[in-house]
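Take a look at the structure below.
The values are calculated or read from the model by the stated rules, or taken from the named source; none is laboratory data. Here the structure is a predicted model, which means the values were calculated and not measured. Cβ: placed from backbone, ideal geometry, glycine included. Neighbour counts: every protein chain shown.
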Amino acid sequence: METTDISKNVSFTGHRSGRISQPLSWLYADMVSEIKRLYSLGYRNFFSGMAEGGDLIFAKAVAAVKKEYTDMKLIAVIPFRNQSGYYTMKYKTLYQQILREADKTVVLSESYYKGCFHRRNDYLTDYAEVILAYWDKRPYGGTYYTIGKAQMLNRTIINLYK
């Protein structure tokens with residue numbers, strides 16, 4: 001799988017579940033619809049940062065759409081090896097399921113360090129032409145950081161926030 005040609009790549013950035021204001025089932029449906037639309041435009045590689053909340057919902061949506069579009073790839077970008085250590089059981093289970101379904105896993109560090117999430121977010125923006133986001137437009141947090149970096153790199157940003 002060639003992922004260095006970013007013209008076929010989409011990364012997701014979004015909030016953890018506590019900051020998602022719409023029902024998760026609606027967000028999931030919106031993601032599936034947008035992923036299919038992006039696929040129809042030629043995008044084939046979909047990157048998830050695997051954080052609890054939006055990232056895992058996005059990865060789950062990609063995994064579902066992949067069953068229909070078999071040339072589509074899901075890439076799990078993990079900031080550090082034990083990322084899911086503090087997740088609730090529901091999200092730990094989903095995280096493990098996504099790892100089994102991912103076509104590629106990129107582990108950026110063996111252990112947590114200050115700044116590892118920024119490094120993950122930089123990876124997501126560096127390797128994608130399109131950033132699919134769930135961002136409430138508040139000027140703080142990892143999603144805000146990632147959107148800012150994507151804007152600096154002149155990436156296309158699609159925000160699913162309603």
When the residues of region 125-145 are filtered to those that are small (Gly, Ala, Ser) and outside any helix (DSSP H, G or I), which remaining residue is nearest to Val77 (Cα to Cα)? Ala128
Six or more apart or on different chains, Cβ atoms under 8 Å: show the pairs whose first residue is in region 97-115 and under 16 Å from Val65 (Cα atoms) and whose second is at pLDDT below 95. Asp103/Met1
Single match in Tyr95, Tyr145, Tyr43, Tyr87 (criterion: touching a helix residue (DSSP H, G or I) at 6+ places or on another chain (Cβ under 9 Å), over 23 Å from Ile20 (Cα atoms), surrounded by 13 or more Cβ atoms within 10 Å (Cβ to Cβ) and hydroxyl-bearing (Ser, Thr, Tyr)): Tyr43
Within region 18-30, identify whether any single residue is more than 22 Å from Lys137 (Cβ to Cβ) and in a helix (DSSP H, G or I), and answer yes or no. yes
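Yes/no per residue for (1) more than 14 Å from the chain's Cα centre (by Cα); (2) closer than 25 Å to Tyr39 by Cβ; (3) of a type in the set (Ser, Thr, Tyr):
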position	(1), (2), (3)
Val65	yes, yes, no
Ser84	yes, no, yes
Ala102	no, yes, no
Tyr123	no, yes, yes
Met152	yes, no, no
Residue list for region 111-121, restricted to those being of a type outside the set (A, V, I, L, M, F, W, C) and either under 13 Å from the mean Cα position of the chain (by Cα) or part of a strand (DSSP E or B) (or both): Arg120, Asn121
Which numbered condition Gln22 misses (of (1) modelled with pLDDT of 95 or more; (2) in contact with a Lys or Arg (Cβ under 8 Å, 6 or more places away or on another chain)): (1)
Which residues, taken from region 63-110, are outside any helix (DSSP H, G or I), of a type in the set (Gly, Ala, Ser) and either modelled with pLDDT under 95 or in contact with a Phe, Trp or Tyr (Cβ under 6 Å, 6 or more places away or on another chain) (or both)? Ser109
Region 148-162 - residue that is touching a strand residue (DSSP E or B) at 6+ places or on another chain (Cβ under 8 Å) and either in a loop (DSSP other than H, G, I, E, B) or among the charged types (D, E, K, R) (or both) and, of those, surrounded by the fewest Cβ atoms within 10 Å (Cβ to Cβ): Tyr161
